[in-house]
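Working notes, structure below.
Read-outs: derived from the displayed coordinates by stated rules, not from any lab. Everything quoted here is computed from the prediction, not taken from an experiment. Quick reminder, even Gly has a Cβ in these numbers, built from the backbone with ideal geometry, and neighbours come from all protein chains shown.
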Amino acid sequence: MTRFAAILLAGFMFAGIAGAAELGPIQADKSRLAFVSKQMGVPVEGEFRKFAVQMSFDPAKPEAGKAQIEIDMASIDAGSAEANEEVVGKNWFNVKQFPKASFVSSSVKALGGNKFEVAGKLTIRDKTRDVAAPFTMAQQGANAQFEGTFTIKRADFGIGQGAWADFDTVANEVQIKFKFVAAAKK
Amino acid sequence: MTNGLSQGRYTATAVTLHWLVALGIFGAFSLGLYMHELPLSPTKLKLYSYHKWAGVTIFLFVLIRLAWRATHPPPPLPAAMPAWQRTVAHALHHLLYLLMVAIPITGWLMSSAKGFQTVWFGLVPLPDLLDKNKELGDTLALVHKTLNLTMAALVISHVAAAVKHHVFDRDDVLARMLPFLDNNKVTR
Ligand code: HEM
Ligand code: HEM
């Protein structure tokens with residue numbers, strides 16, 4: 001019954017997206033969008049709790065795959081209450097002015113086995129940059145799980161300005177880790 | 001005071017370790033209080049790291065000190081000291097040793113629970129003994145602070161006792177931990 005409802009819902013929500021094998025909506029409780037920054041050389045993990053993902057992907061035809069992600073910047077958890085207050089401010093994400101960040105894929109290619117790479121445009125604040133992220137796809141029962149890690153440079157997006165612009169306390173490289181689980185629509 | 005001189009001395013190593021650890025604790029303690037009040041800034045992150053590195057370093061010296069102490073019994077207290085004072089002195093010293101161990105460990109555990117690993121001098125990562133858990137992190141921060149305030153109170157009594165021995169009892173209890181006073185004693 002729930003499965004039936006999920007399929008109905010998936011069909012309803014994604015009716016507009018044409019392309020390869022369509023996927024149901026992202027299962028928020030199983031999906032995760034995290035980042036690891038290095039502070040004084042120490043990796044510190046944070047995450048975004050709210051994000052919307054739309055994707056279509058068929059491992060047999062990866063080039064036709066598409067993904068669009070929208071991140072609610074106010075949902076950031078940077079690892080501590082104090083950091084959370086800081087990172088929504090002007091020097092970091094300036095969430096008032098830039099409430100959303102987004103990723104829009106431009107191409108997907110196969111890397112062999114269950115490995116793929118998606119390239120696209122990542123927009124954070126008012127900066128858009130080309131990024132590429134390798135990822136794996138795994139079938140888990142009725143679900144498809146997409147998992148990957150890539151690195152961005154925070155300075156490319158103007159993240160961490162003023163006193164934070166220096167990289168000796170917070171490193172420029174920030175690792176992004178994602179795991180999206182969606183019901184595979186048959 | 002005729003029998004103010006006790007037989008026996010602390011070894012030079014024991015004296016050196018006592019003062020190294022004491023200086024380290026004064027430093028880490030002041031830095032801890034100061035950094036805690038700062039608004040978040042790169043400076044604050046740096047000071048937190050320095051505090052943790054210093055704390056771990058002190059912890060290592062404390063371990064060496066305990067090993068030394070276990071193999072080199074301290075000299076007996078002056079014979080003139082009343083029994084209750086000996087008991088209090090010994091109890092206080094044991095409590096201080098306990099706190100010297102418990103404070104760095106709670107600092108380490110707190111860092112783990114808060115999700116900020118300790119990497120000694122940015123080089124040697126200490127294993128996170130606890131998983132990230134905000135409530136536990138906050139509790140451990142309170143424990144760390146409370147133990148510190150307890151130690152501060154004990155150290156004040158400790159110093160007061162040392163001064164009392166020197167000024168009122170005129171024995172060599174302070175001098176045997178502060179060798180430059182010792183020389184005065186000998187030439188007197
Ligand atoms: C003998 C060694 C140490 C001393 C004397 C000491 C002392 C202190 C003091 C006085 C504070 C301020 C407490 C407050 O105002 O809330 C503090 C905070 C702190 N200490 Fe230590 N500490 C020691 C070792 C360590 C170690 C080894 C670590 C971690 C590896 C550590 C981590 C911290 C942290 C993270 C705080 C901040 C707590 C917060 O912001 O709530 N400390 N310490
Ligand atoms: C954080 C600061 C300090 C700590 C944790 C500390 C701890 C200790 C401990 C555990 C002992 C016992 C040694 C043993 O017999 O095993 C001791 C001895 C002693 N400490 Fe401290 N101490 C501190 C600071 C000071 C200061 C500032 C003074 C100076 C007034 C001082 C004076 C002495 C003296 C005179 C002794 C020898 C006591 C005796 O002969 O039995 N200490 N200290």
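Output the Kirkwood hydrodynamic radius of region A:36-98, Cα pairs only, in Å rounded to one decimal. Don't skip to the end; give the middle numbers.
Numbers: mean 1/r = 0.0723 Å⁻¹.
Result for region A:36-98 stands at 13.8 Å.
In a simple Cβ point-charge model (Lys, Arg +1; Asp, Glu -1; nothing else charged), region A:4-184 has a dipole of about 320 debye relative to its Cα centre.
Give the Kirkwood hydrodynamic radius (Å, one decimal) of region B:15-63, defined as one over the mean of 1/r across all pairs of different Cα atoms.
Working: mean 1/r = 0.0890 Å⁻¹.
It is 11.2 Å.
If you put +1 on each Lys and Arg Cβ and -1 on each Asp and Glu Cβ, how big is the dipole of the protein assembly as shown around its Cα centre, in Debye rounded to 20?
Values: 39 positive and 29 negative charges, 43 e Å.
Its charge dipole is roughly 200 debye.
For region B:12-185, a crude dipole built from +1 on the beta carbon of Lys and Arg and -1 on the beta carbon of Asp and Glu, taken about the Cα centre, is about 120 debye to the nearest 20. Computed over the alpha-carbon pairs of region A:4-184, the distance histogram in 10 Å steps reads 9, 37, 33, 17, 4, 0 percent, short to long. Using just its DSSP H runs of length 4 or more, each adding -39500 (n - 2.57), chain A gives a mean residue ellipticity at 222 nm of -3000 deg cm²/dmol after division by all residues. Taking residue A:121 as the anchor, which aspartates and glutamates have their alpha carbon closer than 19 Å to its alpha carbon, excluding any fewer than eight residues away along the same chain? Within reach: A:63, A:70, A:72, A:130, A:147, A:156, A:173.
Between their Cα atoms, which of A:96/A:177; A:61/A:127; A:30/A:61; A:109/A:179 are more than 23 Å away from each other?
Violating the 23 Å limit, Cα to Cα: A:96/A:177; A:61/A:127; A:30/A:61.
For region A:90-186, the relative contact order is 24 percent, taking Cα pairs closer than 8 Å that sit 6 or more residues apart in sequence and dividing their mean separation by the residue count. Among the lysines of chain B, pairs that are 8 or more positions apart or on different chains and have alpha carbons within less than 23 Å of each other number 19. Springs between Cα atoms under 10 Å define the GNM used for chain B, and in it the highest mean-square fluctuation of B:146, B:16, B:43 occurs at B:43.
Counting pairs of alpha carbon atoms under 8 Å apart in space and at least six apart in sequence, what relative contact order in percent does chain B give? Please report the intermediate quantities before stating the final value.
Working: 174 pairs, mean separation 49.0, N = 188.
Computed value for chain B: 26 percent relative contact order.
In region B:46-164, taking the dipole from charged Cβ atoms about the Cα centre, the farthest positive-side position among B:117, B:140, B:57 is held by B:57.
The base-10 log of I(q)/I(0) for region B:12-185, evaluated at q = 0.10, 0.14, 0.20 Å⁻¹, reads -0.46, -0.82, -1.39 [Debye formula, identical scatterers on Cα atoms, solvent excluded].
Between the helical axis of B:83-114 and the longest alpha-carbon principal axis of chain B there is an angle of about 10 degrees.
Relative contact order for chain A using alpha-carbon pairs under 8 Å, separation at least 6, rounded to a whole percent?
Numbers: 419 pairs, mean separation 45.3, N = 186.
For chain A, the relative contact order is 24 percent.
Note on chain A: with a GNM built from Cα contacts shorter than 10 Å, the maximum mean-square fluctuation among A:113, A:160, A:24 falls on A:113.
Note on the protein assembly as shown: the C-alpha convex hull projects to 25.7 nm² when averaged across all orientations.
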